[in-house]
Amino acid sequence: MENNYFVDSGNLSESALKRKHELENNPASRTNHMEYMDGMEQIKSDIFGKVISEMKSYDYNKYTAVDVNRALTHDTCTIEDFKALLSPAAEPFLEKMAQKARLETQKHFGNTVYLFTPLYIANYCENYCIYCGFNCYNDIRRMKLNMEQIEHEMQVIAKSGMEEILILTGESRAKSSVEYIGEACKLARKYFRLVGIEIYPVNTDEYRYLHECGVDYVTVFQETYDSDRYEQLHLLGHKRVFPYRFDAQERALMAGMRGIACSALLGLSDFRKDALASALHVYYLQRKYPQAEISLSCPRLRPIKNNVEINPLDVHEKQLCQILCAYRIFLPFCGITVSSRESRSFRNGIVKISATKISAGVSTGIGDHESKYTGKENSSAEGDEQFEIDDNRSLEKMYNDMSDEGLQPVLNDYLYV
Amino acid sequence: MIENDKLILGGHEFNSRFILGSGKYSLKLIEAAVKYAGAEIITLAVRRANTAESENILDYIPDGVTLLPNTSGARNADEAVRIARLARELGCGDFVKIEIMRDTKYLLPDNSETVKATEILAKEGFVVMPYMYPDLNTARDLVNAGAASVMPLASPIGSNKGLATKDFIQILIDEIDLPIIVDAGIGRPSQACEAMEMGAAAVMSNTALATAGDLPVMAEAFRQAVEAGRKAYLAGLGRVLTRGAAPSDTLTGFLHD
């Protein structure tokens with residue numbers, strides 16, 4: 001079973017189409033994804049080697065119910081225990097895992113759930129990542145907000161009561177420079193108490209600059225930790241460079257950021273191996289940077305504009321739940337974010353087990369918060385979305401729903417110092 | 001796994017995971033203690049080493065045993081550094097156990113001075129094994145300072161009270177990538193065994209042997225306990241049945257597909 005990712009737009013020129021097909025069909029036409037491009041900083045770190053070798057040697061079929069039972073009775077979960085909990089042998093133990101995960105979540109986070117919202121400020125992109133709605137060959141309405149438009153969006157969001165914001169862009173240094181993003185973050189600091197970014201990976205000095213602009217949280221998704229598979233999915237652009245992306249969180253921490261988030265995009269590759277690698281990435285970062293606030297996300301593939309068939313394949317809700325229980329048991333201190341890619345019922349259920357942070361009032365489009373929040377017709381253009389969301393509850397609705405589930409919604413837990 | 005199980009300190013391999021103290025019992029018993037304990041490392045207070053023509057402790061330590069000179073008597077990092085250098089000059093090798101005490105009542109180690117001394121001595125090529133109060137932040141500082149192991153105390157030195165700091169030692173074992181050697185306060189073989197089951201890399205004991213009725217027999221009992229605990233750790237302890245509350249409502253009923 002495999003997604004069919006390749007879609008040709010009728011609006012592409014003949015030469016662009018030719019280039020696209022060449023990249024898709026001829027691996028020799030693509031650059032070496034393990035080689036750094038000009039301007040990319042290389043840091044010395046042993047985390048990459050540790051994560052990748054553990055992942056490669058992970059044989060999840062060798063674990064049995066005995067291993068899973070043992071893991072569930074241990075006070076602290078070892079890497080071996082975690083591997084057992086991610087294995088197919090753990091599937092029949094899902095309810096037991098959920099019970100244990102809930103205890104751990106309650107020990108570390110009590111009965112709280114954090115709320116935040118993303119703000120996409122531009123969707124230009126120079127990469128050809130074949131599963132992504134923003135990819136450079138996908139025929140979508142492109143847009144980049146100017147500072148007035150950004151401020152207007154922020155005002156609309158802030159008015160809803162939201163205090164934490166995640167600023168996102170497509171990956172284009174040319175269209176969305178570090179300075180442009182920095183200015184947007186300075187604006188964000190006026191309206192929000194916590195500002196995170198999810199942008200293209202940058203060098204340490206650029207993360208330091210963004211930190212000075214008010215950013216304290218950096219999210220980078222590795223998409224898949226299997227570098228061979230990565231190479232087949234990211235055909236063009238700086239995102240192709242696998243190790244530069246891998247070290248992004250570490251560069252951010254070296255630059256003084258308070259927190260980072262990691263994740264694979266589940267459904268792209270072998271999800272058990274990707275889940276193992278995501279958690280180990282966090283595990284080793286935490287050991288090396290014990291002061292860092294660390295979190296994991298767990299996005300599954302979603303349909304995109306011009307390709308509504310894309311789906312997460314064998315990562316069903318049960319598998320996702322198993323992963324999130326295993327994450328919690330292995331990394332009790334780690335924040336776990338579940339995005340609006342997931343359904344209302346799944347998010348209502350998972351916040352009682354292991355998730356600690358969910359988004360609300362979400363749009364993955366550009367410049368459309370006013371029309372989405374108020375229903376008011378937008379006089380200016382809007383840019384298309386990165387992917388289709390599932391759960392479209394507003395902040396107010398989410399706040400009330402979480403309260404009804406017996407959880408205390410938290411809008412801010414943080415001081416920028 | 002068990003066949004190749006070595007304790008590695010500063011690149012040196014050891015088969016025994018029981019480190020012996022030497023300062024609290026008759027010099028004449030040292031040889032028997034080493035033999036029955038199966039020890040490959042024995043500590044030595046440098047301040048005791050060269051006091052008289054006769055009865056020099058170095059003469060009583062069998063060949064082939066690695067000397068671990070300690071800096072007992074040092075009250076700060078400077079003094080510990082001087083004692084360590086002296087030990088090297090005396091031909092005691094490159095191993096050094098840092099002990100810095102600013103209080104003579106409880107003999108509790110001074111963690112911050114210990115970090116300073118570790119950094120200086122590691123740069124000079126010593127295999128530095130710092131004795132410390134089990135504190136995670138200090139342990140991380142010791143790793144960064146170049147320590148070869150971390151030696152947290154189990155309870156006040158000489159007290160034979162066992163693993164009073166158990167939870168904190170477990171945190172060090174879980175979080176620190178160096179060998180964690182439990183030192184001070186271990187009074188019985190069962191306590192040494194428990195520390196090894198927790199994942200400690202080795203146990204060090206002195207008073208427990210010195211105060212036993214029959215020192216060589218107690219040394220052997222410790223050796224067996226340390227070996228048993230190590231094997232249990234490597235084998236992976238089995239499950240413990242807990243009489244917990246009945247499961248609450250099902251948590252996973254919401255899952256579709």
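Can you pull out the trypsin sites (Lys or Arg not before Pro) in the stretch A:325-417 whose DSSP state is coil and whose Cβ has at most 15 other Cβ atoms within 10 Å?
Values: sites: A:R328, A:R341, A:R344, A:R347, A:K352, A:K357, A:K372, A:K376, A:R393, A:K397; in loops: A:R341, A:K352, A:K376, A:R393.
For trypsin sites (Lys or Arg not before Pro) across the stretch A:325-417 that sit outside H, G, I, E and B with at most 15 neighbouring Cβ atoms in 10 Å, the list reads A:K376.
Running a GNM on chain A with Cα contacts under 10 Å, which residue among A:M97, A:M55, A:M40 ends up with the highest mean-square fluctuation?
A:M40
What ³J(HN,Hα) values, in whole Hz, does the Karplus curve 6.51 cos²θ - 1.76 cosθ + 1.60 give for the stretch A:29-45 when θ = phi - 60°, with x put for Gly and Pro?
Once θ is set to phi - 60°, the couplings for the stretch A:29-45 become 7, 9, 6, 6, 6, 9, 9, 5, 8, 4, x, 7, 6, 10, 9, 8, 7 Hz.
I'd like the distance between the alpha-carbon centres of the stretch A:20-64 and the stretch A:170-202, rounded to an integer number of Å.
27 Å
Mind pulling the angle between the C-alpha long axis of helix B:189-198 and the longest principal axis of chain B? Nearest 10 degrees, somewhere in 0 to 90.
The helix B:189-198 is inclined about 60 degrees to chain B.
Would the protein assembly as shown count as rounded, prolate or oblate if I go by the C-alpha gyration tensor, calling it rounded below 1.5 in a/c and otherwise prolate when a/b exceeds b/c, oblate otherwise?
Prolate is the answer for the protein assembly as shown, as a/c is 1.5 or above and a/b outweighs b/c.
Rounded to the nearest 5, what % of DSSP beta bridges with both residues in the protein assembly as shown are antiparallel?
Antiparallel: roughly 15 percent of the beta bridges in the protein assembly as shown.
What Cys residues in chain A are without a partner cysteine, judged by a Cβ distance under 4.7 Å?
So, A:C77, A:C125, A:C136, A:C262, A:C298, A:C321, A:C325, A:C334.
Run the numbers for B:D174 and B:E3: contour at 0.36 nm per residue of separation, minus the present Cα-Cα distance, in nm.
Full extension from B:D174 to B:E3 adds 59.2 nm.
Would you mind computing Rg(Cα) / (2.2 N^0.38 Å) for the stretch A:1-107, counting N as its residues?
Normalised Cα radius of gyration, the stretch A:1-107: 1.71.
Trypsin sites (Lys or Arg not before Pro) within the stretch A:18-124: which are DSSP loop residues with at most 16 other Cβ atoms inside 10 Å?
Hits after loop and neighbour filter: A:K44.
Once both labels are modelled 7 Å past Cα along the beta-carbon direction, what's the A:K288-A:D139 spacing in nm?
Output for this residue pair reads 4.5 nm.
Between B:L86 and A:N146, what is the FRET efficiency for a Förster distance of 56 Å, r being their Cβ-Cβ separation, to the nearest 0.05?
Numbers: r = 71 Å, r/R0 = 1.27.
For R0 = 56 Å, the calculated efficiency reads 0.20.
Each residue of the stretch B:227-237 in order: what ³J(HN,Hα) in whole Hz does its phi give by Karplus 6.51 cos²θ - 1.76 cosθ + 1.60, θ = phi - 60°, with x for Gly and Pro?
Coupling constants for the stretch B:227-237: 5, 4, x, 5, 4, 4, 5, 5, 6, x, 5 Hz.
Could you please rank A:T169, B:T114, A:T219, placing first whichever residue has the fewest other Cβ atoms within 10 Å of its Cβ?
Going from sparsest to densest Cβ surroundings: A:T219, A:T169, B:T114.
Local charge sum around B:C193 (other residues, Cβ-Cβ under 12 Å, Lys/Arg +1, Asp/Glu -1)? It would help to have the intermediate numbers written out before the result.
Details: positive: B:R17, B:R188, B:R223, B:R230, B:K231; negative: B:E194, B:E197, B:E227.
Overall, the nearby charge balance is +2.
Would you mind computing, in nm to one decimal, how far apart the modelled labels at A:E80 and A:E388 are, each placed 7 Å from Cα along Cα→Cβ?
So the label points at A:E80 and A:E388 sit 4.6 nm apart.
Can you give the net charge of the other residues whose Cβ lies under 15 Å from the Cβ of A:D368, counting K and R as +1 and D and E as -1?
Details: positive: A:R141, A:R142, A:K144, A:K305, A:K372, A:K376; negative: A:E153, A:E370, A:E377, A:E382, A:D384, A:E385, A:E388.
The answer is -1.
Out of every Cα-Cα pair in the stretch A:219-269, what percent are more than 12 Å apart? Don't skip to the end; give the middle numbers.
Values: 799 of 1275 pairs.
Pairs farther apart than 12 Å: 63 percent.
On a straight-distance basis, which aspartates and glutamates could pair with B:K161 in a cross-link, Cα separation under 15 angstrom, same-chain partners fewer than 8 positions away excluded?
Here the aspartates and glutamates satisfying the reach criterion relative to B:K161 are B:D183, B:E194.
In nm, to one decimal, how far is the B:K123 label point from the B:Y106 one, both placed 7 Å along Cα→Cβ?
Taking the simple label geometry, B:K123 and B:Y106 are separated by 3.2 nm.
Not counting the cut sites, what is the longest span of chain A without GluC sites (Glu not before Pro) that DSSP labels loop and that have at most 16 other Cβ atoms within 10 Å?
Values: sites that count: A:E2, A:E35, A:E41, A:E309, A:E377, A:E388, A:E405.
Excluding the exposed sites themselves, the longest stretch runs over A:42-308.
Under a Cβ-only charge scheme (Lys and Arg +1, Asp and Glu -1), can you give me the dipole magnitude of the protein assembly as shown about the Cα centre, in debye to the nearest 20?
1080 debye
Taking amide H atoms as placed 1.01 Å from N in the peptide plane, list the residues 5 or more away in sequence, or in a different chain, whose amide H sits under 5 Å from that of A:I336.
The answer is A:L296, A:T356, A:K357.
Under 12 Å from the Cβ of B:A219, count the other residues' Cβ atoms, weight Lys and Arg +1, Asp and Glu -1, and hand me the total.
That works out to -1.
So which of A:K175/A:K376; A:K107/B:K231; A:K190/A:K305; A:K50/B:K231; A:K372/A:K397; A:K144/A:K372 end up more than 24 Å apart, counting from Cα to Cα?
A:K175/A:K376; A:K107/B:K231; A:K190/A:K305; A:K50/B:K231
I want the antiparallel fraction of DSSP beta bridges within the stretch A:14-410, as a percent rounded to 5.
Working: 5 of 39 bridges.
Among the beta bridges of the stretch A:14-410, antiparallel pairing accounts for roughly 15 percent.
The numbers here are math on the coordinates, done by the rules we state, and not lab data. Quick caveat, the model's predicted, so the values are computed rather than measured. Please note: Cβ atoms are built from the backbone with ideal geometry, for glycine as well, and neighbour counts cover all protein chains shown.
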